[in-house]
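The values are calculated or read from the model by the stated rules, or taken from the named source; none is laboratory data. These numbers were taken from a predicted model, which means no experiment stands behind them. A quick note on method: Cβ atoms are made from the backbone with ideal geometry, for glycine too, and the neighbour counts reach across all protein chains shown. The protein model used for the area step is the full one, side chains on, heavy atoms only, and it has no ligands, DNA or RNA in it. Shrake-Rupley method; radii C 1.70, N 1.55, O 1.52, S 1.80 Å.
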Amino acid sequence: MNNEYQNLHPAMATKLSPPARWGYDLLERPHLLEKLLTKQPKRLILITAAAGYGKSTLMAQGSQVLQQQKQVTAWLTIDEDDNDPVRLFTYLFLALQSDKSASLQLPEPTRITRNHAAKLTSLMTESGAPTILFIDEFENLINPDSQQLIYWMLDYLPPGARMVIASRTRPAWDLSKLAMQGELLEVHEPDLKLSSDEAARLTELHGSRRIDKQRLDILVDKTEGWLAGARLALLCQDNWEKDVDWINALSGEIEQIADFLYAQVFRQLETEQQLFLLKVSILNRMTAGACESLTQESGAQTQLQSLCRKGLFIQPIDPERKWFRMHGLMRQFLRNRLKQQMPNQYGLLHETAARWFANHNSRIEAVHYAIAANNPKLALEILEDVSKSLIEKGQLRTLSDLAKHIPDSFLDGHYQLIANLCLANLLIHELGSAQRYSSMMEHVSSILEVNKTLAEIPILEPLLMTAEDNMVRASEMAKQNLSHLQSDQSHFERGVLSNIIAFAELGFENHESSQRYVLQARASHLEANSALGLAYADMITAMRVRSQGKLQRAREIAGNVGLGPDYDQTGNAAPNEIAKGVVNGFEIDLLYELNELATAEDLLKDYAPLGRENVAPDIVILSFLTSARIAFAMGNTELAYSRLDEGEIAGIRWPLPRLIQSMRLQRVRFSQLEGKLDLARDYLADIDMAPDTSQSYRIRYIDPVSEWVALDLVPLRQALQEGDTATVWQQLSQLTEASGARTGRQIQVLLLKAECLSRMGNQEAAQHTLTEAIDLGRACGFIRTFADSGRTIIDLLKSLYQEWANKPAACFRERRGYCLQLLEAANEAVIRGPSDEATLVEPLSDRELQMLTLVGDGLKNEQIAEQLFLSVNTVKWHLRRAYEKLDVRSRTEALAEARRRGLIQ
């Protein structure tokens with residue numbers, strides 16, 4: 001308490017002094033104090049937030065800091081009595097006068113005028129008088145005359161003086177002029193929310209058991225940064241057993257939190273507002289129409305806006321202020337109270353909400369409300385109506401999870417929904433659930449001709465074959481079913497069948513046919529507004545381009561999956577997330593090949609869970625394989641093997657035998673690269689490598705994993721390392737023929753051949769074969785295929801690098817630059833020759849060096865242009881000039897040459 005008020009009545013002294021700091025209030029919030037105590041003072045600082053966000057504490061800390069800086073401050077805490085303007089004037093006068101012992105001249109007891117406001121602010125010009133006035137709990141002022149007095153004071157504040165007001169509600173003042181003059185600073189609820197770091201310091205002040213960062217993040221998330229909520233939660237901690245996860249158990253039903261919300265918020269409301277809040281507390285988001293359907297009363301929009309203004313834990317969530325949400329803990333408190341006070345209405349309110357949202361095109365929310373109402377029949381009715389739309393938009397997991405709340409006995413006769421559930425579970429590799437739903441339809445075949453509503457059935461069996469890793473059979477069935485589709489049947493089904501065929505055609509190297517089906521699939525999915533189907537079609541296009549050796553172009557296509565007007569028009573809430581999930585396994589493998597490990601790892605973290613629900617086994621296998629290979633390339637072998645274990649477990653769970661085999665073969669390959677041949681041999685002995693003779697097509701069909709990762713060559717590499725070159729040499733001819741025009745596969749076989757020749761002692765032929773692989777790889781941008789090829793190939797690369805140093809022809813210089821890039825990717829030290837330091841005929845400009853550095857960082861031309869504030873054409877011109885000076889033809893060659901010369905890192 002300030003010394004100058006020590007002779008006053010205690011109640012008055014409390015009003016004129018900031019609250020004493022204790023316990024939790026010792027929590028410093030420097031970023032907020034810095035905003036409050038800005039070096040460019042604002043005439044008005046307005047802090048508005050609900051109860052318990054630390055408004056008073058923040059102002060008290062600000063007042064203390066200012067006093068330490070020898071500035072004089074004044075404080076007034078408003079209460080209901082201050083709605084008497086004369087009484088309010090009295091307290092303000094007492095707070096602002098510099099001589100506390102002087103007699104107080106009260107105004108006439110009729111009404112307060114501007115002159116009284118001017119008299120109060122004139123006190124702030126006297127020597128030793130306060131220049132900053134803090135007013136707390138302003139929301140208690142409901143008398144317009146009392147509010148007007150303080151508003152007038154703002155007009156008369158002397159230069160350098162300021163006012164800081166804390167309130168649960170924003171004053172109904174016109175502050176636009178102050179804002180335009182730069183004299184207004186507003187601090188809102190989001191600014192006051194607690195951070196994880198602040199929660200950690202709060203925990204220390206409380207003296208609680210140490211809480212790790214992950215659980216602190218959960219605490220902040222549960223309380224939504226509400227300071228009082230976090231404090232109360234820490235108090236609750238002492239009441240829980242040590243082994244109880246009290247943070248996850250935290251809710252608005254906890255006694256301390258419920259008591260606070262009741263006393264500080266709920267009890268302050270009129271009965272009408274209490275009933276309104278209780279009934280609408282079942283809603284995750286509120287709008288006037290939904291609220292009126294629950295309360296059976298009009299005026300909900302006015303009610304919501306009023307509650308929002310009063311700081312009652314309700315906030316608008318759209319610019320038009322049509323939709324609102326309630327703080328999670330407040331909502332839990334109200335719902336618990338609703339159950340206690342109106343138990344019979346709890347289920348009825350949820351049913352009402354379900355029907356309202358279903359009628360207003362929010363049917364997923366409607367299903368949730370129907371489930372909460374314990375009305376599976378209503379939930380089924382709504383879910384059946386929305387199920388196909390969920391599939392087309394790629395919300396497969398949502399559909400599958402919602403259906404789990406509906407007993408199977410209710411599904412009888414709802415064949416449209418059953419078919420959609422079967423399809424959704426196929427697409428996310430929940431084969432057990434898919435087969436369960438499929439069995440429910442076995443007796444439907446007899447009525448198939450008359451029941452045209454079962455539009456999903458033509459794609460179920462092809463998708464089942466796809467999920468069971470029989471891509472060729474799936475394609476055959478898809479072609480057959482596609483030919484039988486009626487013109488009036490769903491575009492989505494036509495698109496799915498076309499995508500299956502296009503994917504399989506790539507395995508047979510029928511690129512033109514694959515692209516033809518992709519175009520058909522795209523057109524169909526555009527008609528169906530299906531972001532999911534579009535993503536599969538675009539991924540297949542990127543796969544085709546990659547198979548043709550155009551890695552950078554494939555990277556560009558894969559990077560754009562989910563972006564652009566075609567996806568925007570699908571109407572899906574998150575088309576990019578769905579699409580990135582589809583393409584994830586392919587995209588990270590491609591980025592890995594290009595040695596963009598960090599970017600691949602980031603995409604893996606963001607989208608791997610979605611990517612591993614891909615219906616195409618190859619893409620799932622690539623996801624698990626690449627995650628392990630990234631870790632291994634980064635030197636984290638423990639994580640690499642752990643990720644292989646994760647993939648093998650997933651393969652057992654689905655089940656997907658080829659995923660299990662791929663994880664085991666990659667484990668062998670890692671052991672080979674580590675030089676642990678005995679361990680590799682033991683791992684290999686546990687793998688069944690017998691060919692599947694029941695599928696003769698595999699002689700000509702090469703799946704994407706075999707094409708790009710070549711795990712089928714791992715046993716041959718083991719044979720080479722154990723000296724069995726004859727076995728390998730015998731198979732090289734057949735492997736070369738089977739590679740066809742697949743560039744990646746051709747390089748893998750050439751590297752195997754080069755290693756075989758080297759181990760046979762024919763170094764000249766080995767170098768010649770490796771040069772052939774280098775020329776293929778350099779033209780396409782392959783990196784990791786060479787970098788991961790093992791010690792023999794790395795040593796051959798080093799020898800060629802040194803040999804080509806003395807050959808001035810451009811082709812050797814380009815090969816040598818590419819070799820340097822490959823060796824650096826393999827983390828190999830390179831001894832550079834004298835010719836490496838040769839100067840350029842025309843040196844690169846600073847701008848050209850800057851461009852090349854950004855290219856090396858993985859930026860595209862558009863991103864470089866945006867970062868440097870240039871046009872894309874200007875970026876292209878500078879890069880062309882750099883290519884000419886370096887005597888190269890591509891970005892890959894330019895980077896390799898610039899790095900070789902030490903021009904960029």
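Things worth noting here:
- Set of lysines near Lys279 by C-alpha distance (under 20 Å), chain-local residues within fewer than 8 positions excluded: Lys310, Lys322, Lys339
- Inverting the pair-averaged 1/r between distinct Cα atoms of the chain gives 33.2 Å as its Kirkwood hydrodynamic radius.
- Computed over the chain, relative contact order equals 6 percent, with contacts defined as Cα pairs under 8 Å that lie 6+ residues apart.
- Dividing the mean sequence gap of close Cα pairs (under 8 Å, 6+ apart) by how many residues the range 497-557 holds gives a relative contact order of 29 percent.
- Paramagnetic reach from Glu577 (point 7 Å along Cα→Cβ, amide N under 12 Å) across the range 277-291: none
- Calculated FRET value between Leu33 and Ala200, using beta carbons and R₀ = 25 Å, to 0.05: 0.85
- Rounded to 10°, Cα long-axis angle of helix 743-759 versus longest principal axis of the chain: 60
- Degrees, to the nearest 10: 144-156 long Cα axis against longest axis of the chain: 80
- A protection proxy built from the mean count of other Cβ atoms within 10 Å ranks the segments 313-326, 582-595, 500-513, most packed first, as 582-595, 500-513, 313-326.
- When the square roots of the Cα gyration tensor eigenvalues are ordered a ≥ b ≥ c, the ratio a/c for the range 269-374 is 1.5 or more and a/b does not exceed b/c, which makes its shape oblate.
- Extension gain for Asp174-Asn248 works out to 22.3 nm (0.36 nm per residue, less the C-alpha to C-alpha distance).
- FRET efficiency for the His188 to Glu803 pair, using the beta carbon distance and R₀ = 56 Å, is estimated at 0.20.
- Of the trypsin sites (Lys or Arg not before Pro) in the range 342-407, those whose Cβ has at most 16 other Cβ within 10 Å and which sit in DSSP loop: Lys404
- C-alpha long axis of helix 213-223 to longest principal axis of the chain, angle in °: 50
- A DSSP coil position with no more than 12 other Cβ atoms inside 10 Å describes none of the GluC sites (Glu not before Pro) in the range 756-826.
- Per residue, the range 134-180 exposes 44 Å² of accessible surface when a 1.4 Å probe is rolled over the protein heavy atoms with every protein chain present.
- Per-residue extension of 0.36 nm, minus the Cα-Cα distance of Arg880 and Leu485, leaves a gain of 137.1 nm for this segment.
- Protein-only accessible surface order, largest first, of Arg337, Arg473 at 1.4 Å: Arg473, Arg337
- Cα gyration tensor shape of the range 647-826, rounded if a/c is under 1.5, else prolate or oblate by comparing a/b with b/c: prolate
- Full extension of the segment from Thr14 to Thr853, taken as 0.36 nm per residue of separation minus the current Cα-Cα distance, would add 295.7 nm.
- Surface per residue (accessible, 1.4 Å probe) for the range 269-374, Å²: 46
- Shown is the FRET efficiency for Ala263 and Leu26, computed with R0 = 30 Å from the Cβ-Cβ distance and rounded to the nearest 0.05: 0.80.
- Cross-link partners of Lys550 among lysines (Cα-Cα below 28 Å; sequence separation of 8 or more within a chain): Lys580, Lys605, Lys753, Lys798, Lys860, Lys876, Lys885
- Counting only residues at least eight positions apart within a chain, or on another chain, the aspartates and glutamates with an alpha carbon under 17 Å from that of Lys393 are Glu365, Glu384, Asp385, Asp401, Glu456, Glu493, Glu527, Asp538, Asp566, Asp568, Glu577, Glu613.
- Backbone geometry of the range 342-347 corresponds, through the Karplus equation with coefficients 6.51, -1.76 and 1.60 at θ = phi - 60°, to 3J(HN,Hα) couplings of 9, x, 6, 8, 4, x Hz, x marking Gly and Pro.
- Relative contact order %, the range 701-829, counting alpha carbon pairs below 8 Å whose residues are six or more apart: 19
- Separation of the range 710-747 from the range 288-357 is 67 Å, based on Cα centroids.
- Anisotropy class of the range 10-191 from Cα gyration tensor, a/c 1.5 cut: rounded
- Apportionment of accessible area to carbon and sulfur, the chain, percent (1.4 Å): 49
- Inter-part distance, the range 137-157 to the range 839-905, computed on C-alpha centroids, equals 63 Å.
- Spin-label model distance (nm) - Ile649 vs His511, 7 Å beyond Cα toward Cβ: 4.1
- Put simply, the amide H of Glu186, placed in the peptide plane, has neighbours under 5 Å in Leu46, leaving out anything fewer than 5 places away on its chain.
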